[in-house]
Amino acid sequence: MATLLENLNLEEGKSDALRAALSCIAEASALDGGPRYSEKVTRELARIIVCRSYAKPLLELSHLMVAASRCGGSYENLFWGISRATSSEFRRSFAALHGASDDISISEHGVSHNGEVDVFQISFARMPLLAALLEFMLTTIGFPEIDEMTSAVRDRAVTHEAVLETARAMQRSLYAYLKDHLPPVQRQRRERHFLDYVDQHAGNRTDANAITDDVVLGYWLAFAEGSDIEAKTYRGVYETARRLIIALDVAEDRLSSRHARTIGTDFEAGEIDPANLDAVVSALDDGESPLQRLIETCGEQVKFINVSEAEVLSDLPLNDGTARRMPKSVLRNAVFGAVQLRLTMALRRGDALAQPLPSAADEFYQARLALYNAVISGTEKLALAAMWALHQAQRNEAIELALKLAPDINWGVLARHDNDAGSENVVSIAAVGALNKFFELEPNARGDELSALLADAKRAWRQVNRAGFRDDALEISVDVMAEAVPDVLRLIDATRQLLDRDFKPVDWPGVEIQDASTFAGILRRLYALNEDTAQHAD
Amino acid sequence: MPTDDPIRNLALAAIDADRQIKTFLQPGVKRENIAISTLFRYANDPGYELPADLAQHLENDPIAQANLMRIISNAALEHIPMLAAAASDTVTRRETDKTVLILTPSRADPAQIYLTIEMKDPEAARPSQIFVSSAEGQWHKLQLAPFVGVRTQTILESEHEVIVALSHPEAVVYFR
């Protein structure tokens, strides 16, 4: 045991410097005191370090340093001339340098380094991560070292081969650093124990399909009261199952023939391709769910979703195949996972446990489904209101919203008859003309379908009273609103898919009767509760 | 699922890695570095001073000192290296091909010192800040008064950290 502890301490000591370097970047502040890098960027950075999937990002970074130096004279000015590392800040900075170099071209989407044969492109969306990676490299390897390593490609026009060599030099430095500072990962016992149980109970099913509602509930009932493994809470078991479903699904996809295999990885010997590992870890990141993305995009500025609504929707696995595999487990977690959490917290505080356990008469699952439906209907109404604001601001995102909120609408009103087409039956929609016509439309409840939709949107706008949805603040909020449209649409799509596809086939009244009894039994045993209420039996 | 299944191995490796990432990103890690962006801000924003804890950290962290020196020197207009070791007395004048830096006690109040900088080339870019690195690893910066012709003059208390640092031969000076 002593040796084990010693090893553990050594491993922890080994990683202290790496943790400190990552923490330093996570805590770096912008001029206004807010974070310089978003949480998403910090998580992505940690992921490419831990998964060692830094080869491609370092190549992108090398090209970006070339582009920054060629356009601005100094890469430092570009990277640290901006306070907050966001794609829009990088877009603005490069726009100010437009045309500054022959071999660098700047477009709406990013920057291209034009070589003799091919073109290397870096999108603005990648630049915040690359900036964080550069800061990590300077912090761990050292500024003078990286400055010298990259000087040859920054000072003059160079070939892509030369940039690749520079990227490889940085890779070698980082590899050497991580050899000393990144300890081997610890094998997580909980997931392996769960998978062993799945193997014993899944019949002839394989992969993520073997993880079902029955398996999850069966595992919890089998191990919640034991001490073999930490499985006391239903929520913990559910989360283990959910993470395994995500990981197995993405792993299967990555290892299918659709994805190119990295040369040099010995799969037979159990070696894992860093790009595959990165992809699966990325899928496990809850920050990538539509709900989290929307919260991160809008923050406090445009309240497409408020705190209590976000709390309700946070039960739902919106970004993966969990609800398709185990729909009952999702609602069991939402209802009984929460009940168990309240019980645990009350016991910790020494409070009385007065709240009775849910009974079938409460129709707890159906009530929960109605709540999800109410929340997402509210979000749809806010999206409709946003459509009015974006239409007024002549933003194209208004059309994206219209297409989603009224998919069957007749858009013919935007068409123009093309006299040169030679036939009266041919109607063409010229994109620009149609766009202009759309923005010229007036709301009219009794007009064509589009005008009526606009009238609905205007009415919705007037009925909403939330941050970002007010006439007096629209000038400030319209950019954030427009940026959030893809995330709002993803959230609506994902939630509707769960409600209309995954949850609909389940006989919820029947499940409520069974679960009320099953959960009451085990919770009473786990927490020594009496029969009628959640009061302690003693 | 067989236990040596590559899909399972990849999935479990990802779960292990994800747990390690979460451990790495847990808050409350002891500060061991100064963010490069903070050093850049210190070098480029005349109104920004390092918070006391970071300034103290900088004194004891040779990597951070090397990083800051590189940041400052990369964009420096001029650099005056440390003087010869024999120059043990208080230094009042430093000179290169391009600039002269002079410390002169005020006649009216000996407790005050004039810091004068002259550019020898009338066409040379005028610095707006000087950075002084002391032998002890401390960094000091000062925003300069606007140049009049080739000359700028700033009056400081004789105990001012920049004056004290400049008085020692080991100090290294950068103009930005």
Which condition number does A:LEU453 fail, the rest of (1) modelled with pLDDT under 85; (2) open to solvent by 10 Å² or more (accessible area, probe 1.4 Å); (3) in contact with a helix residue (DSSP H, G or I) (Cβ under 8 Å, 6 or more places away or on another chain); (4) aliphatic (A, V, I, L, M) being met? (1)
Just one listed residue, out of A:ALA482, A:ALA473, is part of a helix (DSSP H, G or I) and buried (at least 19 other Cβ atoms within 10 Å of the Cβ), and it is A:ALA482
Which one of these does B:MET82 not meet: (1) open to solvent by 70 Å² or more (accessible area, probe 1.4 Å); (2) outside any loop (DSSP other than H, G, I, E, B); (3) in contact with a strand residue (DSSP E or B) (Cβ under 8 Å, 6 or more places away or on another chain); (4) of a type outside the set (S, T, N, Q)? (2)
For the condition farther than 22 Å from A:SER74 by Cα, open to solvent by 30 Å² or more (accessible area, probe 1.4 Å) and small (Gly, Ala, Ser), what is the one hit in A:ALA152, A:ALA222? A:ALA222
When segment B:53-69 is checked residue by residue, the ones that are among the hydrophobic types (A, V, I, L, M, F, W, C) and touching a strand residue (DSSP E or B) at 6+ places or on another chain (Cβ under 9 Å) are B:ALA55, B:LEU58, B:LEU68, B:MET69
Among the residues of segment A:62-88, write down those that are within 14 Å of chain B (Cβ to nearest Cβ) and under 23 Å from the mean Cα position of the chain (by Cα). A:ARG84, A:ALA85, A:THR86
Result of the Cβ filter at 7 Å on segment B:4-16, keeping first residues that are more than 7 Å from chain A (Cβ to nearest Cβ) and outside any helix (DSSP H, G or I) and partners that are of a type in the set (S, T, N, Q) and crowded, with 21+ Cβ neighbours inside 10 Å, at least 6 apart or interchain, is none
The one condition in (1) touching a Pro at 6+ places or on another chain (Cβ under 8 Å); (2) buried (at least 22 other Cβ atoms within 10 Å of the Cβ); (3) facing chain B (nearest Cβ under 8 Å) that A:ILE48 fails to fulfil: (3)
Scanning segment B:20-58 for residues that are open to solvent by 70 Å² or more (accessible area, probe 1.4 Å), more than 11 Å from chain A (Cβ to nearest Cβ) and either in contact (Cβ under 8 Å) with a residue 12 or more places away in the chain or outside any helix (DSSP H, G or I) (or both) gives B:GLU49, B:ASP53
One residue from A:GLN355, A:GLN366 being part of a helix (DSSP H, G or I) and of a type in the set (S, T, N, Q): A:GLN366
Is it true that some residue in segment B:91-114 is of a type in the set (Phe, Trp, Tyr) and closer than 18 Å to B:TYR174 by Cβ? no
Based on this model, can you work out whether B:MET69 counts as of a type outside the set (Ser, Thr, Tyr) and either surrounded by fewer than 17 Cβ atoms within 10 Å (Cβ to Cβ) or facing chain A (nearest Cβ under 9 Å) (or both)? yes
Residue tally, condition buried (at least 23 other Cβ atoms within 10 Å of the Cβ) and not hydrophobic (A, V, I, L, M, F, W, C), over segment A:94-141: 5
Given the condition within 12 Å of another protein chain (Cβ to nearest Cβ) and either touching a Phe, Trp or Tyr at 6+ places or on another chain (Cβ under 8 Å) or without any contact (Cβ under 8 Å) to a residue 24 or more places away in the chain (or both), answer yes or no: does some residue in segment A:105-118 qualify? no
Consider segment A:53-93. How many of its residues are among the charged types (D, E, K, R), open to solvent by 30 Å² or more (accessible area, probe 1.4 Å) and part of a helix (DSSP H, G or I)? 5
Hits in segment A:199-219 (condition: free of Cβ contacts under 8 Å to residues at least 24 places away in the same chain and on the phi < 0 side of the Ramachandran plot): A:ASP199, A:GLN200, A:HIS201, A:ALA202, A:ASN204, A:ARG205, A:THR206, A:ALA210, A:ASP214, A:GLY218
Which residue out of A:HIS193, A:HIS201 is more than 20 Å from B:ILE21 (Cβ to Cβ) and either over 29 Å from the mean Cα position of the chain (by Cα) or open to solvent by 60 Å² or more (accessible area, probe 1.4 Å) (or both)? A:HIS201
Please indicate, with yes or no, whether at least one residue in segment A:183-192 is more than 12 Å from chain B (Cβ to nearest Cβ) and on the phi < 0 side of the Ramachandran plot. no
Looking at segment A:31-45, which of the residues that are open to solvent by 40 Å² or more (accessible area, probe 1.4 Å) and facing chain B (nearest Cβ under 8 Å) is farthest from A:ASP155 (Cα to Cα)? A:ARG43
Filter segment A:288-311 down to the residues that are surrounded by fewer than 18 Cβ atoms within 10 Å (Cβ to Cβ) and assigned to a helix (DSSP H, G or I), then identify the one that is nearest to the other protein chains (Cβ to nearest Cβ). A:GLU288
Which listed residue is touching a Ser or Thr at 6+ places or on another chain (Cβ under 8 Å) and either open to solvent by 50 Å² or more (accessible area, probe 1.4 Å) or more than 11 Å from chain B (Cβ to nearest Cβ) (or both), from A:THR212, A:THR159, A:THR233, A:THR206: A:THR233
Under 7 Å between Cβ atoms, at least 6 apart or on separate chains: pull out the pairs that start in segment A:32-58 with a residue that is over 14 Å from A:MET170 (Cα atoms) and end on any residue that is assigned to a strand (DSSP E or B) and not hydrophobic (A, V, I, L, M, F, W, C). A:PRO35/A:SER29; A:ARG36/A:SER29
Condition first: out of contact with any helix residue (DSSP H, G or I) (no Cβ under 7 Å at 6 or more places or on another chain), assigned to a strand (DSSP E or B) and of a type outside the set (D, E, K, R). Can you find one or more residues in segment B:67-78 that meet it? no
State which residue pairs qualify: first residue within 7 Å of chain B (Cβ to nearest Cβ) and over 16 Å from B:GLY28 (Cβ atoms) and inside segment A:1-30, second residue modelled with pLDDT under 65 and crowded, with 17+ Cβ neighbours inside 10 Å in any location, beta carbons under 6 Å apart, and separation of 6 or more residues or different chains. none
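The values are calculated or read from the model by the stated rules, or taken from the named source; none is laboratory data. What you see is a predicted model; the values in this text were computed from it and never measured. Please note: Cβ atoms are built from the backbone with ideal geometry, for glycine as well, and neighbour counts cover all protein chains shown. Ligands, DNA and RNA are excluded from the accessible area calculation, which covers all protein heavy atoms including side chains. Shrake-Rupley method; radii C 1.70, N 1.55, O 1.52, S 1.80 Å.
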